[in-house]
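A short worksheet on the structure shown next.
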Amino acid sequence: MTDSVIKWLKNLKHLIGAIVATLVYRYPAKNLKIIGVTGTDGKTTTVHLIYSILKLAGERTAFVSSIEARIRDKEIDTGFHVTTPNPWLLQRLLRQMVDEEVEYLVLEATSHGLDQHRLFGCNFQVGVITNITHEHLDYHKTFKKYLAAKAKLFHGVKIAVLNRDERHFNYLKRAGGRARIVSYGINKEADYTLKKFKFKTKLSGKYNLYNCLAAIATAKALGIKDEIIRKAVADFSGLPGRLEKIDKGQDFSVFVDFAHTPNGLENVLQALRKEKKGRLIVVFGCAGERDKTKRPIMGEIASRLADLVVLTAEDPRTEDVDKIIDQIAAGCQKAGWIEGEKYFRVPDRREAIKFALKKLAKKGDIIVICGKGHEKSMCFGNTEYPWSDQKEVRLALK
C-alpha cells in the first residue's frame, strides 16, 4: 500500500470519527459563532488576543489553543503537544460551551487538523490567517499541499481576515469564495494598518504587530468598539513560553520561546537583536519525526542572527538526537561556523541550558531558549516525560 493510500485511509478514519462525534454531541457548533485562526506562526497569540478583546467587550467567549482550552473562566488542559484536539474531545468541549451559554469560540486550527477532517462539524463563520511559511513538509510533502490545507479553513466562511503582506493573499482570497475580505498589514495598503488603527502593545517584535493587527481586524469585523479593542490589546501582556522573560537577578537576560519553525526562529532572533547590548545566544533543537528539511535552514538562520548557538534535544521521539543535531549543524557549517567556537553540541537539554547560562553567558548578554515554550513534557521514544524550560532555567540560575 502506498503512503498516499495509507494517509487517505487514516484521514477517512478521522472523518468518520468526527461525523460520529458531531452526531453524538448533537452538533453543538450550530449554536456557536466560531472564529478559526490558522497560520505557521502566531496562531496562539492571535487566538488569545481575540479572546481578550471579546471578553472585555462582555461577550460570552471560549477558546481552544495549543496552550489550553478555556470556557468562560474555566481552564481545561487538552493534553501533551495538542493544538487541534481529536474530534471526540473537541465536540465534547463544544457541547460544554453551548451548555454554558458561550456565544463565541476562538479556535486554533492546524494544517493537520484541517487536512485530517478533525474540524468537521465546526461551522467557521470567521477565518483568520497569520502567515504561511516553511513547516510540516514531513506530513504534507509539498508546500503547495501545505498551503491548500491551510486554505480549507476559508471554505464557506462569512468573513476572511487575511494578511495583505502574505505572498499567498490572492490564493487565500479566492479560497474564501464569497466571504467578506478584511485585510491587515504593515508593508502594503490594507483595511487595517499601523497608521489606520493606532494602538499600544506590551509585546515585542514586528511579528507581534501582525498578531495584534490580525486580532484588531477580526474584532472590527465583528463590530467591537475601538476603545475596547485598544484597551484589550494594550493590557495583553503575552503568554507563557512566548518571549517569556525569566529574571532571578542575573546580570544577563534570559527568555523562553516556542519558536520551532524557521520563520518563528528568525522573528524571535530579529526582535532580540534590536534589544541586545552584549551577545545573543540561542539554545534550540528540532523535533524528531517531523519536517527534516527545516533543520539546516534553522541552523543557517541561527548562525546568521545569533552570536553563539547551542544545539540540543527537542522531542527527539524515536530519532537519534545526535543525527538531528548533525542536520541542524550543517546549516551552521554552511555559514562558515566552527564547532566549539561559534556553535556547540550539548544533546542533553538540561545540560545545554546550564552550559548556556553558566559557561557562556556574560554581563549584558541575551540568552533565548527556543522550541518548547509553554510545553510541559518532552518526548523520548514513545514516552512523554515531564519537562519545563522555565523550571530548568530557574534551577540553572539558582
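Taking region 1-33 on its own, how many of its residues are among the polar types (S, T, N, Q) and closer than 23 Å to Ala62 by Cβ?
Of the residues in that region, 2 qualify.
Condition check ((1) touching a residue at least 60 places away in the same chain (Cβ under 8 Å); (2) surrounded by 17 or more Cβ atoms within 10 Å (Cβ to Cβ); (3) hydroxyl-bearing (Ser, Thr, Tyr)) across all residues:
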site	(1), (2), (3)
Tyr184	no, yes, yes
Lys198	no, no, no
Lys206	yes, no, no
Tyr210	yes, yes, yes
Thr218	yes, yes, yes
Glu227	no, no, no
Asp251	yes, no, no
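Could you list, ordered by first residue, the pairs with Cβ atoms under 6 Å in which the first is in region 349-374 and outside the structural domain of Lys43 (by TED's automatic domain parsing) and small (Gly, Ala, Ser) and the second is at pLDDT 95 or above and surrounded by fewer than 22 Cβ atoms within 10 Å (Cβ to Cβ), at least 6 apart or interchain?
Within 6 Å, the pairs are Ala352/Val346; Ala361/Phe252; Gly364/Gly278.
Is at least one residue of region 378-390 under 26 Å from the mean Cα position of the chain (by Cα), in a helix (DSSP H, G or I), at negative phi and at pLDDT 95 or above?
Looking for residues that are under 26 Å from the mean Cα position of the chain (by Cα), in a helix (DSSP H, G or I), at negative phi and at pLDDT 95 or above, one finds at least one in region 378-390, hence yes.
Can you name the number of the only condition in (1) in contact with a Lys or Arg (Cβ under 6 Å, 6 or more places away or on another chain); (2) at positive phi that Leu114 fails?
For Leu114, the exception is condition (2).
If I filter region 314-321 for residues that are within 14 Å of Asp348 (Cβ to Cβ), among the β-branched types (Val, Ile, Thr) and either without any contact (Cβ under 8 Å) to a residue 24 or more places away in the chain or touching a Pro at 6+ places or on another chain (Cβ under 6 Å) (or both), do I get at least one hit?
Yes, that holds for at least one residue.
The values are calculated or read from the model by the stated rules, or taken from the named source; none is laboratory data. Keep in mind that what you see is a predicted model, and the values were worked out from it rather than measured. Cβ: placed from backbone, ideal geometry, glycine included. Neighbour counts: every protein chain shown.
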